[in-house]
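The values are calculated or read from the model by the stated rules, or taken from the named source; none is laboratory data. Bear in mind that the values here come from a model prediction, so they are computed numbers and not experimental data. No Cβ is skipped: glycine too gets one built from the backbone with ideal geometry, and neighbour counts run over all protein chains shown. These area figures cover heavy atoms from the full protein model, side chains too; ligands, DNA and RNA do not enter into them. Shrake-Rupley method; radii C 1.70, N 1.55, O 1.52, S 1.80 Å.
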Amino acid sequence: VQLQASGGGRVQAGGPLRLSCAASASIFTINSMGWYRQAPEKQRELVATITSSGSTNYADSVKGRFTISRDSAKNTMYLQMNVLKPEDTAVYYCNSHHWNGVDYWGNGTQVTVSS
């Protein structure tokens, strides 16, 4: 399974960005998908997850600003990021957790928020 993340870039604080993660496998083989991020010299952390039933979970730091969603027809997951802050600067990775217990990780996409 391949996951291709895209949509990162440089934005000023307060601005929006939308990340996409396209999966090569049918989204129906996936139990849950998520976005994680890793800032320089920090550990990778959970940003948001979405289950096959549509339940979502967010890190406290992004609640109310980020929205995770998915389009089953396109096998694609999205992360709409609004009111971005400099502390959101990181490499963002998408993850898929499959019903057979296997996890896959996509390439990272850099998000840089300038103050």
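Per-residue accessible area (protein heavy atoms, 1.4 Å probe) orders L17, L84, L46 as L46, L17, L84, starting from the largest.
Neighbours of S32 by Cβ distance under 13 Å: Lys/Arg scored +1, Asp/Glu scored -1, total 0. Full extension of the chain between Q2 and Q110 yields a length gain of 37.0 nm, computed as 0.36 nm times the residue separation minus the alpha carbon distance. In the context of the full protein assembly, S26 retains an accessible surface of approximately 50 Å², using a probe radius of 1.4 Å and ignoring ligands and nucleic acids. Probe 1.4 Å, all protein chains in place: accessible area of V1 in Å², nearest 10? Rounded to the nearest 10, that gives 70 Å². Measuring with a 1.4 angstrom probe and ignoring ligands and nucleic acids, W99 comes out at about 150 Å² accessible.
Only aspartates and glutamates eight or more places from K42 in sequence, or on another chain, were considered; those with a Cα closer than 19 Å are D60, E87, D88.
Under the criterion of Cα pairs below 8 Å and six or more residues apart, the relative contact order for segment 1-98 equals 37 percent.
Considering only protein heavy atoms and a probe of 1.4 Å, how much of the accessible area of the chain is carbon and sulfur, as a whole percent?
The value for the chain is 47 percent carbon and sulfur by accessible area.
Using a Förster distance of 22 Å, how high is the FRET efficiency between T51 and S24, based on the Cβ-Cβ distance and rounded to 0.05? It comes to 0.65.
Per residue, the solvent-accessible area of the chain (1.4 Å probe, heavy atoms of protein chains only, all protein chains present) comes to 52 Å².
For G14, what is the net charge nearby, where nearby means another residue's Cβ is under 14 Å from its Cβ and Lys, Arg count +1, Asp, Glu -1? Spelling it out: positives minus negatives among the neighbours equals +1.
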